Structure formats: structure tokens, C-alpha cells
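Colleague: Got a structure here, written out as C-alpha cells. Questions coming.
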Number of protein chains: 2
Amino acid sequence: VVNASQLPDSGFSGALVVVTGGLGFIGSNTVRRLHDAGATVRVVDSLVEGHGGDRRNLAGLSGLDIEVLVADIGDEAVGDYLEGVDVIFNLAGQVSHQASMRDPAKDMALNAMSHCRLLETLRRVNRRARVVHASTRQVYGRALRLPVDESHPANPIDVNGVAKLAGEQLHMVYAHAYEMALSSLRLTNVYGPRQHLLSDELGFLPVFFRRALTNQPIEIFGDGEQRRDCLFVDDVVDALFHATSDAAAGRVYNVGHDQDYSLAELAEIIVRRSASTGGLRLTPWPPEHQRIDIGSFRSDSSLIAAELGWKAQTNLVDGVDQTIEFYRANPWYLSSI
Amino acid sequence: VVNASQLPDSGFSGALVVVTGGLGFIGSNTVRRLHDAGATVRVVDSLVEGHGGDRRNLAGLSGLDIEVLVADIGDEAVGDYLEGVDVIFNLAGQVSHQASMRDPAKDMALNAMSHCRLLETLRRVNRRARVVHASTRQVYGRALRLPVDESHPANPIDVNGVAKLAGEQLHMVYAHAYEMALSSLRLTNVYGPRQHLLSDELGFLPVFFRRALTNQPIEIFGDGEQRRDCLFVDDVVDALFHATSDAAAGRVYNVGHDQDYSLAELAEIIVRRSASTGGLRLTPWPPEHQRIDIGSFRSDSSLIAAELGWKAQTNLVDGVDQTIEFYRANPWYLSSI
């Protein structure tokens, strides 16, 4: 149904699509775009506490078109949801590096075992579905060279990276052993509307936005000179759509931004664009962060550009402005109640 | 206690050592060498059906020195066994590629989740133990170049390879995050005494030996031209002992043999040395094997030679002769009763 040479959104009109993790950050943005493109959308989300899944992320959508199943993707019951589906965006997972070190078995369960069971269910009920899995640049660990392309060794330095890599590789095993159209995208740091801002453990970007929008100082660990490429969530949804094309079957792609910034620069931009009175301050590394810090990172996304025609479209300042505007209009994201 | 510059066995006199999977093939050979070297040995083995764990593999050892706990390595109860231990040879796992595709969740549980729980237990009760984990060359998938060194990408093509890689990488995460002396060895095809010969799913070498020793034809899939390096189990035990040295902490090493053979050559050698009347025959690929076949493979073990001083000592014909002699003297390995 979807072809890389078409504008990606157009291919989803009339399609039946499942989004796992569809109540979360990237998931809910994906559901919204699919809905606008005319797809019938089913959501599977286990609403794991503290990980950003929230029914309010789908507020305002017509309830008639979107079914929501609250379940782990590894549950047997999910099989009924997958039959006859055209496309599955498999975005369910745990993203916290710190939580993965505090409770490794839980991270392995959510990011690897549940995906193993989902794939086995899918093999049984629907081998023809196109599946795009959300992996992470965390699978690389510390970069041996910059930018990092897909041939860079995957040596994860925290349990989250190990579990996400296993989840990604399981998709590739099924793609090749059973000729299923599965792909996986190694996403860099993502920001934008509908991110869970209240945890300190879901990446630095939501923390930066929360503190700036509440006029608290942004704390930067160490000297703030580590560099990152950051991606606006709309660009991620574009990449997910592109990865449903035939050419993506059995392939793993980096999805990042050509432009990188130091953490101090990122904080300054967010402070300035939000006119935060909190500013920023440098603070020593907490040991539980430092032991799993990867240093500087920048993705090389030229493979997905060459093979699928995707490239990030949103520059940082535009993305930051859209993000700030969204949270100002939806202040519950900043409220702990 | 153990130093790479010493003869490895001498360092184990008086040491307290745990061998997980110690009732299995490589495990029982390790237990015997440790016992001979004067170590006090504790075994943890879950005796998973069909995977080669058998109390008879430790027959003839003095029962007083060797405790056996029948448990999954992820069980809480294992913690009591790990306190105060000097060295752990963490050899527990499932080795069948076919079984991993039939029951992926079980393979992930045995090769990844249980190791995750074991490491978490170990972090809690004994961070000073030296641990050597048995990984596999299966983590590489199909070789992009031969021989394969440790910088070759790890792109496993079956669930067993994914799960073993996750288990290996979890050891590395703990080694680096918590400064624990953990290492992992990617073993090539291993043969020798005390291997489970009666399953067709634990690698081709035990099948070749069983069929030759019972005068049945050895069946070779396809043209028999795929090449493999094969390692006698005594050489594996040597490598495990070397990997307890300080230099191995946080490191992953290939453990293979410089000399490779085609499967047809291997079968001919085993037929000839055993004087089997069954011979060998070529047969078409069964699809469940072909879809996860890796083609030719040869390990480059120069890293462990350079860093730890280990090198395979046993040539194929000597190893095959010792193996045949052992099974002729212990015929229950060939009996399904």
C-alpha cells in the first residue's frame, strides 16, 4: 500500500494500522498523523507507570476510529488485534537508561521479551503486515568515530541498549527467516509535543523543556560540551512512514539530524526561545548518570536518505518554538497533578 | 588468584569456584579439570530437558567436594551459592538453533533473562568474583569476511544468536558500570567427551559422532562445502581458565581453531577414524535448517592469543581419536535408554 516514491502520508488512506505504545510520546504523534491521513488506527499500550503513556495524548481525536487495547504487546490477546492489519508501528518500550540499570529484568522484559512474543504472534496470525520497530542510537554505546553510521559496532553500555538491540535483532531474524517486511529505526534524541516532561529519567530534552517552561535553571552535568543531534517528533513520524516501503524490509536505519549541538548550546537555545528566567547551571555528574554516559554522539542518516528518501526537515529553533508553543497551550504536561 | 603468566590450572588450587551448566558438556569437563586442580567446586544446573545436562557427566568424582544445586541461574536461591566465590564459569544456556526458532521466548529466557537476573544477584552479593561467560560465534551471523575477528559486526540470524549476544552484552555492561571482572568467550563448534549425542539439534558434530559410532551414514546437507573450525573441549577449558586473568576483565574474545575443514572433510575424518561402515551421504537442505544456516565460518582467535596467551593445542585427528575412545569406553552416551 505504501510506496517510497509517493508522499508517505497518502498511502495510509483506508489502511488498517496498529500503533504499539500509541498512548506515548512518539506513538500518539504517529496515531494523529495516521488519523489525519485517513487510516483506521488501533492502539496497543500497556500504560507502564512513569513512561509517558497517557490517554490524554489522544485527546480531541474522534473516538470512533481509534480502538485502544491496554495490554502488554507480548500478551496473547494482542493476536486478535493484529489479524488483517496492513501496517504495525511497533513503538512500545521502556526508554529510561537509569531505570534499566535499577531494574534490568523489567527493561529486558519490556524491550526484548515482549517483542519476542509479539513477533511470534505475528508470524502465526499475520506474516504480511509491514512492521516498523523503534530502536535507538543507544545500541551503539560510546561512539568510536563521529558521525556514527550503521556499520559502527553495537556495544551498548547500559541494559536499555542491550535490550533494545535484542528487540531490533529479533525483528531482523524474523524478517530474514520468514520473509516478513520488518524494519527498524535507530532513533536519536527526540523532542516535541506530547513528551512526558515530569520524569528526570526519560532523556535530557524533556527535562530541559520542563525546567525552562517553569523558569527553573536547567542543570547540565559536567562541562556541557557533550554533543547530540536532536530530532523533532514530526520528522520521526515521517521516517516511520518512509520505513513502511518495500525497500526497508529487513533493514536497520539510523534516524537522526545532520546538525549537532553541545548540551550547553541546547540548553541556551531552549532558555532563550522560552524566555526562561531560570537560566542554566553546570553541576557535577551524578555517578548513576556518569557510569552510563556515552559522551558525544552524532548520527549519520545518509543510508535512509539514499534508500528511502527521508531526511530531517525541521531545524532546531523551529522545533523548539513549536514545542514551547504546544506546552504553553497544554499546561497539564507541566503539572504533576 | 589466577594470572595469565602462570600455567592456568595451578591458580585454582584452594579456590572456590561455581560452574553454571556444570552438568552439561563443557560444564562437566570444566568441573573435572577444576577438581583435579584442587578447587572446591559448586555446580548450578537446571537440567533443561534435551540440552545435555546429566548427573552422570560427573560420575567418578568424589561426591564430597562438589555440591550440585538444580536451579535456574536466575533463581533467587542461587545468591547463597555465589557469596564468597572466587570464580564463576557461567556456562548455562540453551545451544540449539532450531529450538530457538521453535520456542523463541524460551531461548530468550534461558540465554538472556536468566543471565540478567544472575548478574543482578551477583552485583548484590559478590562483586569481586571473576566471571567467564560462554558466548558463541553464532552472534556474528553470516560472515562478511573470513576469518572473523571481534570487530566483525554481530548480526545474528537466529533467535539463539540474538539471545546469546544479549547475555554476553549484559556481562559487559556490568563489567564496565560496576568494575566487575567479567569476560565472555565466543566459542566456535566444540566437540569431545561428555557431549549430548542423542539430539539432532545441538550442532552437527555430536550428530556426526553418533552416526559414525553406530555405523549409520552421516548425512550432510547440501554439497558439504561449508567450512567450520572445530575445537576440542579440553582447549575450551584452557581458554576458560585463561579468561579468569586480570587482562580479560570487560573483554570479549573469539575462541576457535586456526584450521578449518569442509563439513564433508569433517565427516570423512570421523568416518575413517572410527572405521564406521555407515559412510556419509549428501542430502537436500531441510528448510528449517537452511533458513538459519550461516554458510562458511572460521574464527580469528589472535586477540586472545595476544592478550591472554591462549591458543588451541589439539589438532582435529587427535581430538577425534580421543573423542571416539571416550564414547567407546562410555557407551551409555550412545544409548537412548
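Colleague: Tell me which residues, restricted to segment B:116-133, are of a type in the set (S, T, N, Q) and within 14 Å of chain A (Cβ to nearest Cβ).
Modeller: Residues of segment B:116-133 that are of a type in the set (S, T, N, Q), as a first pass: B:121, B:126.
If the condition is that a residue be of a type in the set (S, T, N, Q) and within 14 Å of chain A (Cβ to nearest Cβ), then B:T121 is the only one that fits.
Colleague: Now a separate question. More than 15 Å from the chain's Cα centre (by Cα) and crowded, with 24+ Cβ neighbours inside 10 Å, is that true of B:A177?
Modeller: On the way: more than 15 Å from the chain's Cα centre (by Cα): yes; crowded, with 24+ Cβ neighbours inside 10 Å: no.
The answer is no for B:A177.
Colleague: Hey, among the residues in segment A:165-187 that are in contact (Cβ under 8 Å) with a residue 60 or more places away in the chain and outside any helix (DSSP H, G or I), which one's farthest from the other protein chains (Cβ to nearest Cβ)?
Modeller: That would be A:L187.
Colleague: Among the residues in segment B:134-152, are any buried (at least 24 other Cβ atoms within 10 Å of the Cβ), at the interface with chain A (Cβ under 10 Å from one of its Cβ atoms) and over 30 Å from B:G84 (Cβ atoms)?
Modeller: yes
Colleague: Residue check: is A:F232 of a type outside the set (A, V, I, L, M), open to solvent by less than 20 Å² (accessible area, probe 1.4 Å) and over 19 Å from A:F208 (Cβ atoms)? If you could, list the steps in order and put the result at the bottom.
Modeller: Working: of a type outside the set (A, V, I, L, M): yes; open to solvent by less than 20 Å² (accessible area, probe 1.4 Å): yes; over 19 Å from A:F208 (Cβ atoms): no.
So A:F232 fails the test.
Colleague: Report the residue count in segment B:99-112 for those that are open to solvent by 10 Å² or more (accessible area, probe 1.4 Å) and in contact (Cβ under 8 Å) with a residue 40 or more places away in the chain.
Modeller: Residues of segment B:99-112 that are open to solvent by 10 Å² or more (accessible area, probe 1.4 Å), as a first pass: B:99, B:101-103, B:105-106, B:109-110.
Still in the running and in contact (Cβ under 8 Å) with a residue 40 or more places away in the chain: B:99, B:101, B:110.
Residues flagged as open to solvent by 10 Å² or more (accessible area, probe 1.4 Å) and in contact (Cβ under 8 Å) with a residue 40 or more places away in the chain within segment B:99-112 amount to 3.
Colleague: Additional query: Quick check on A:V162: is it part of a helix (DSSP H, G or I), at the interface with chain B (Cβ under 10 Å from one of its Cβ atoms), touching a Lys or Arg at 6+ places or on another chain (Cβ under 8 Å) and under 29 Å from A:D260 (Cβ atoms)? Break it down into steps so the answer makes sense when it comes.
Modeller: On the way: part of a helix (DSSP H, G or I): yes; at the interface with chain B (Cβ under 10 Å from one of its Cβ atoms): yes; touching a Lys or Arg at 6+ places or on another chain (Cβ under 8 Å): no; under 29 Å from A:D260 (Cβ atoms): yes.
Judged against the criteria, A:V162 is not a match.
Colleague: Considering only segment A:85-98, how many residues are on the phi < 0 side of the Ramachandran plot, at pLDDT 95 or above and open to solvent by 10 Å² or more (accessible area, probe 1.4 Å)?
Modeller: 3
Colleague: Counting residues that are in contact with a strand residue (DSSP E or B) (Cβ under 7 Å, 6 or more places away or on another chain), modelled with pLDDT of 95 or more and aliphatic (A, V, I, L, M), which strands (runs of 3 or more DSSP E) fully inside segment A:1-70 reach at least 3? Walk me through how you get there before you give the answer.
Modeller: Values: elements: A:16-20, A:40-45, A:66-70.
Once the strands (runs of 3 or more DSSP E) in segment A:1-70 are filtered for at least 3 residues that are in contact with a strand residue (DSSP E or B) (Cβ under 7 Å, 6 or more places away or on another chain), modelled with pLDDT of 95 or more and aliphatic (A, V, I, L, M), what remains is A:16-20, A:40-45.
Colleague: Any idea how many residues of segment B:69-105 are closer than 19 Å to B:G24 by Cα and at the interface with chain A (Cβ under 10 Å from one of its Cβ atoms)?
Modeller: Of the residues in that region, 2 qualify.
Colleague: Every residue in segment A:201-216 that is of a type outside the set (F, W, Y) and touching a residue at least 40 places away in the same chain (Cβ under 8 Å), please.
Modeller: So the first thing to find is which residues in segment A:201-216 are of a type outside the set (F, W, Y), and the list is A:201-203, A:205-207, A:210-216.
Those that are of a type outside the set (F, W, Y) and touching a residue at least 40 places away in the same chain (Cβ under 8 Å): A:E201, A:L202, A:G203, A:L205, A:R210, A:R211, A:A212, A:L213, A:T214, A:N215, A:Q216.
Colleague: Within the set of pairs 6+ apart or on separate chains, which have a first residue in segment A:113-130 that is among the aliphatic types (A, V, I, L, M), a second that is open to solvent by less than 20 Å² (accessible area, probe 1.4 Å) and assigned to a loop (DSSP other than H, G, I, E, B), and C-beta atoms under 8 Å apart?
Modeller: A:M113/A:G74; A:L118/A:I73; A:L118/A:G74; A:L122/A:A129; A:L122/A:M180; A:A129/A:V85; A:A129/A:M180
Colleague: Being open to solvent by less than 20 Å² (accessible area, probe 1.4 Å) and assigned to a loop (DSSP other than H, G, I, E, B) is the filter here, so list the residues in segment A:188-212 that pass it.
Modeller: A:T188, A:G192, A:P193, A:Q195, A:L197
Colleague: Being modelled with pLDDT under 95 and either under 17 Å from A:T323 (Cα atoms) or part of a loop (DSSP other than H, G, I, E, B) (or both) is the filter here, so list the residues in segment A:213-234 that pass it.
Modeller: Correct list: A:G222, A:D223, A:G224, A:E225, A:Q226.
The values are calculated or read from the model by the stated rules, or taken from the named source; none is laboratory data. Note that this is a predicted model, so its numbers are computed, not measured. Glycine gets a Cβ as well: all are built from the backbone with ideal geometry, and neighbour counts include every protein chain shown. Note: accessible area is taken over every heavy atom of the protein model, side chains too, but ligands, DNA and RNA are not part of it. Shrake-Rupley method; radii C 1.70, N 1.55, O 1.52, S 1.80 Å.
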